[in-house]
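One structure below.
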Amino acid sequence: MSDDFKNFQPFVPRRWLRGGHAQTIASYFIRREIQLPPGDKRLFQVAEDTQLLCECNWQTEKTRALTVLIVHGLEGSSQSGYMLGTAAKALAAGMNVVRMNMRNCGNTEKLTPTLYHSGYSFDLAAVVRQLIRDDHLTRISLVGYSMGANLVLNLVGEWGAAKPIEVLASATVSPVMDLAASSAALHNRSNFVYELKFVRGLSRLFRRKAKLFPERYDVRRLQNIRSIRAFDEKITAPYSGFKDADDYYARVSSSRSAENIALPSLILHSADDPFIRLLPETRAKLRANKSVTFIETARGGHCAYLAAPNGYDGRWAERTVIEFLKRFQE
């Protein structure tokens, strides 16, 4: 574990939001007032048949500033609250911000014939390459939440020591590093509401894709799907080149390459996250890796971390991510 980030402010939950479910649900419903100028919308070609929509906010001298490239979670987009909140904090700290929509997200179903899943790390790599080549950026950091955090850690682990010299750090919140264990936890009765929301959202997206590409997708496959595992078994895996859900989970879980992370990386995980599970061997890899600052809090829920709003908005994870990244500014 890296010893360079010892002075972060420990997380203390709001007095009336101490449980994981309370934190997770409240973070979704509590209204936020985020001061962020409209971003420049820009398409990135990541494959012959696929473009990604990003929203960019630049500093006046953008080539000198640290650029924060942020990736959202499952059923999220560049307009998700944590994306906007992190972007606003980064911009205020003098950083550029690029909010990336994964395939099909942010109303971009027409930009690719494919579905989206947690293994498209090469999409993120393609955006990074274009920012370096076309925008002449020399200081880039990667930030991810939940599924997007797994995407970031997959890429960082795949890069290993061969990472681009322009990429200086990563920071992730509530990463889904062990997909099989987390999918099983999501199916627990106590997590029924979360799983129902995800399944309904993914099913709606699949129906929209079937209307756009009727020769490619069969909506009859949605019959009797009641869980994320069933969706991945019947939809994600067969349409994305995986044998089945187990094959998908094994091949795209970032825990498989966590020991190869050579980029200074902050990883935030809450022990009371309702449905994200880190296996003991994954924790061991993270704690043994000197490039990783692994912070596991007792409380915080999933991508929530609502602290008392004393002097700031109380979004502890967003603030901690930006404080970590400030170390890599000029």
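The values are calculated or read from the model by the stated rules, or taken from the named source; none is laboratory data. Nothing here was measured: the structure is a model prediction, and the numbers come from that model. For neighbour counting, all protein chains shown are included, and Cβ atoms are generated from backbone atoms with ideal geometry for every residue, glycine included. We work out accessible area using only protein heavy atoms, side chains counted, and drop any ligands, DNA or RNA first. Shrake-Rupley method; radii C 1.70, N 1.55, O 1.52, S 1.80 Å.
Accessible surface comparison of Trp16, Trp316, probe 1.4 Å, protein chains only, largest first: the order is Trp16, Trp316.
Largest mean-square fluctuation among Tyr82, Tyr194, Tyr116, in a Gaussian network model of the chain whose springs join Cα atoms under 10 Å apart, belongs to Tyr194.
According to the Cα gyration tensor, what semi-axes, each the square root of 5 times an eigenvalue, does the equivalent ellipsoid of the chain have, listed from largest to smallest in whole Å? Don't jump to the answer; show the numbers that get you there.
Numbers: eigenvalues 156, 115, 78 Å².
One finds semi-axes of 28, 24, 20 Å for the chain.
Applying the criteria of a DSSP loop state and at most 10 other Cβ atoms within 10 Å to the GluC sites (Glu not before Pro) of segment 153-261 yields Glu215. Where the centre of each part is set by its Cα atoms, how far does segment 181-206 sit from segment 122-177, in angstrom? Cα centroid to Cα centroid, the span is 27 Å. In the assembled protein chains, Phe192 presents an accessible area of approximately 130 Å² (probe radius 1.4 Å). Note on Glu75: accessible area approximately 60 square angstrom, rounded to 10, probe 1.4 Å, nucleic acids and ligands left out.
The calculated P(r) of segment 153-268, using every Cα pair and 10 Å bins from 0, goes 13, 34, 30, 20, 3 in percent. Within the listed set Val167, Val219, Val127, the residue fluctuating most in the Gaussian network model of the chain (springs between alpha-carbon atoms under 10 angstrom) is Val219.
Cα-based Rg of segment 216-330 per 2.2 N^0.38 Å, rounded to two decimals? List each step's numbers first, then the result.
Values: Rg = 18.3 Å, N = 115, 2.2 N^0.38 = 13.4 Å.
Normalised Cα radius of gyration, segment 216-330: 1.37.
Simple rule: put +1 on each Lys or Arg Cβ and -1 on each Asp or Glu Cβ in the chain, find the dipole, and look at Cys56, Ile34, Tyr249; the Cα lying farthest toward the positive end is Ile34.
Calculated from the alpha-carbon coordinates, segment 199-265 shows an Rg and a Dmax of 14.9, 45 Å respectively.
For the chain, the solvent-accessible area with a 1.4 angstrom probe is 44 square angstrom per residue.
Treating only the Cβ atoms of Lys and Arg (+1) and Asp and Glu (-1) as charged, compute the dipole magnitude of segment 1-159 about its Cα centre; round to the nearest 20 debye. Working shown, then result.
Working: 17 positive and 14 negative charges, 131 e Å.
For segment 1-159, the charge dipole is close to 640 debye.
Could you please state how large a percent of the accessible area of segment 224-317 is carbon and sulfur, counting protein chains only and using a 1.4 Å probe? Before the final figure, lay out the partial values.
Details: 1830 of 3730 Å².
Ligands and nucleic acids excluded, carbon and sulfur give 49 percent.
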